[in-house]
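The values are calculated or read from the model by the stated rules, or taken from the named source; none is laboratory data. Every value quoted in this text rests on a predicted model; they were computed, and no experiment measured them. Using ideal geometry, Cβ is built from the backbone for each residue, glycine included, and neighbour counts are taken over all protein chains shown. With ligands, DNA and RNA removed, areas are computed over all heavy atoms of the protein, side chains included. Shrake-Rupley method; radii C 1.70, N 1.55, O 1.52, S 1.80 Å.
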Amino acid sequence: MNEVIQKVIDGKSKEAHDAMYGSNIKCRVVVVGLDRKDINGRKGSIHHWDEDKGKFCVGLDTKKSRDCDVHFFKPENLDVVTSAQSVKKDGKLAANFIVSITGVTTQGGDDVGCQFSLEKSDVTKLQSAHSRSNGLQEFREERDALAQRLMKEQEEQRKEEERLEKEEEEDRKRRAELRAKKRAEKELKKEEQRQRREKEFKLKQMQAQMEWERKQAEEMREVKTMLYKVMFTQQFARAYQAYFHAWADDGGSVEDFDDFKKEFKEDLSEQFEELFELDELDEILEEIFEKTDEAFKEMLLKDRLEDDKKHAEVLGVSHDVDKRTLQKTYRKLALQYHPDKWSANSAHGMSKKEAEEHFKSIRSSYDHLMANFDE
């Protein structure tokens, strides 16, 4: 194998390489042409030729160290010139030799050596140069140009990595904000569901109580008296009051009040049709309605008035503002607080986020008050 490498470095540079290498060149090889996937393609160094086996003893590289995994290979399964390869501008593959040198000098009683990669194309150029100094000068110039190009490529790669890292960081922040928003929405939904379940539970309790009383009333159908009627009137009144408050909390309005009473009446008639005649039940309910209608309507109107006042305060108008004034005021405030109109010198002195939130409040209040004119 030393003879093969010697042919690569002979010529005008032969004497210089002989002086550097001496006779201790260790050739690097790569395993080729084997079916074993765990061996084929691995690199290593030739240790010696085994005459008895007719094979080269080769130390293959492992992840932990070099030349330590010893195997024997036939010459046809070793490629001594492609320990490393690179593609040149002419499209051809140039062979690299990894050369180990021992005994270059002695330091403190120990032999000092070195290892380097030698390209065949560089040796060929050195051989064909007018002089050794010219060849070395050209080699240095090409080496420096290559180094600068590599530094430029590394800098571009570094900038690209920084750009990708920045984009990834922005994506992480966006995903974190999205997760936080979803968690908040989920918590809000859970709270709404809890409140709804609580209301449903209370209504079911009332219904269960009324059902029990209805069953008790069935046993006393024959002895039903005015006192019995009064008792049910009180129970119906309490149930009606509970239904009303639940309905009002869910957004009931004065305009829908009659429909609410009708629905309550139908529901009650269906539950107690066996206990009361329809005209008896109507008489009881009409008595309840007569006593509560005025107070309930006043309560609904009061709730609406309070809502109107809150929204009117946001817009800076009175709760009984006319439609034209309301529209004019809204357009003025919208122009003042609209996020697209915001600037650092805005008269309201708010940040862009604060102005955006205030604009949402203005628009919500405007929609609420305008609904009064839609009716």
If the Cβ limit is 8 Å and pairs must be 6+ apart or interchain, which residue in the range 15-41 that is at positive phi and at pLDDT below 60 pairs with which residue that is open to solvent by less than 50 Å² (accessible area, probe 1.4 Å) and not aliphatic (A, V, I, L, M)? 22/103
Kindly evaluate residue 348 against the criterion of being at pLDDT 80 or above and open to solvent by less than 60 Å² (accessible area, probe 1.4 Å). no
Residues of the range 297-314 being modelled with pLDDT of 75 or more, under 47 Å from the mean Cα position of the chain (by Cα) and either among the hydrophobic types (A, V, I, L, M, F, W, C) or open to solvent by less than 60 Å² (accessible area, probe 1.4 Å) (or both), in sequence order, are 308, 311, 312, 314
Unmet requirement for residue 341, which otherwise passes all of (1) at pLDDT 80 or above; (2) open to solvent by 90 Å² or more (accessible area, probe 1.4 Å); (3) under 48 Å from the mean Cα position of the chain (by Cα): (1)
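Let's see how each residue does on (1) among the polar types (S, T, N, Q); (2) outside any helix (DSSP H, G or I); (3) modelled with pLDDT of 90 or more:
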| residue | (1), (2), (3) |
| --- | --- |
| 127 | yes, no, no |
| 139 | no, no, no |
| 147 | no, no, no |
| 185 | no, no, yes |
| 214 | no, no, no |
| 231 | no, no, no |
Hey, any hits in the range 69-82 for a residue that's at pLDDT below 65 and either under 50 Å from the mean Cα position of the chain (by Cα) or among the acidic types (Asp, Glu) (or both)? yes
If residue 327 satisfies every condition in (1) within 48 Å of the chain's Cα centre (by Cα); (2) among the polar types (S, T, N, Q); (3) more than 18 Å from residue 373 (Cα to Cα) but one, which is the exception? (3)
Would you say residue 369 is open to solvent by less than 70 Å² (accessible area, probe 1.4 Å) and either touching a Pro at 6+ places or on another chain (Cβ under 6 Å) or in contact (Cβ under 8 Å) with a residue 40 or more places away in the chain (or both)? yes
Which residues, counting only those in the range 216-229, are modelled with pLDDT under 70 and either in a helix (DSSP H, G or I) or under 13 Å from residue 268 (Cα atoms) (or both)? 221, 222, 223, 226, 227, 228, 229
Only residues that are within 52 Å of the chain's Cα centre (by Cα), of a type outside the set (A, V, I, L, M, F, W, C) and either within 14 Å of residue 268 (Cα to Cα) or open to solvent by less than 90 Å² (accessible area, probe 1.4 Å) (or both): list them for the range 205-215, please. 207, 209
Can you report the number of residues in the range 351-360 which are in contact with a helix residue (DSSP H, G or I) (Cβ under 7 Å, 6 or more places away or on another chain) and open to solvent by 90 Å² or more (accessible area, probe 1.4 Å)? 1
Out of the residues in the range 351-374 meeting the condition of being among the small types (Gly, Ala, Ser) and farther than 18 Å from residue 308 by Cα, tell me which one is modelled with the highest pLDDT. 351
Condition first: in a loop (DSSP other than H, G, I, E, B) and buried (at least 16 other Cβ atoms within 10 Å of the Cβ). Now tell me which residues in the range 315-332 satisfy that. 317, 319, 321
Tell me whether the range 85-106 contains one or more residues that are touching a Ser or Thr at 6+ places or on another chain (Cβ under 6 Å), surrounded by 17 or more Cβ atoms within 10 Å (Cβ to Cβ), modelled with pLDDT of 80 or more and assigned to a strand (DSSP E or B). no
Looking at the range 282-296, can you tell me whether even one residue there is open to solvent by less than 60 Å² (accessible area, probe 1.4 Å), at pLDDT 75 or above and not in a helix (DSSP H, G or I)? no
Every residue from the range 251-284 that is within 58 Å of the chain's Cα centre (by Cα) and either at positive phi or touching a residue at least 24 places away in the same chain (Cβ under 8 Å) (or both): 251, 252, 253, 254, 255, 257, 261, 264, 268, 271, 272
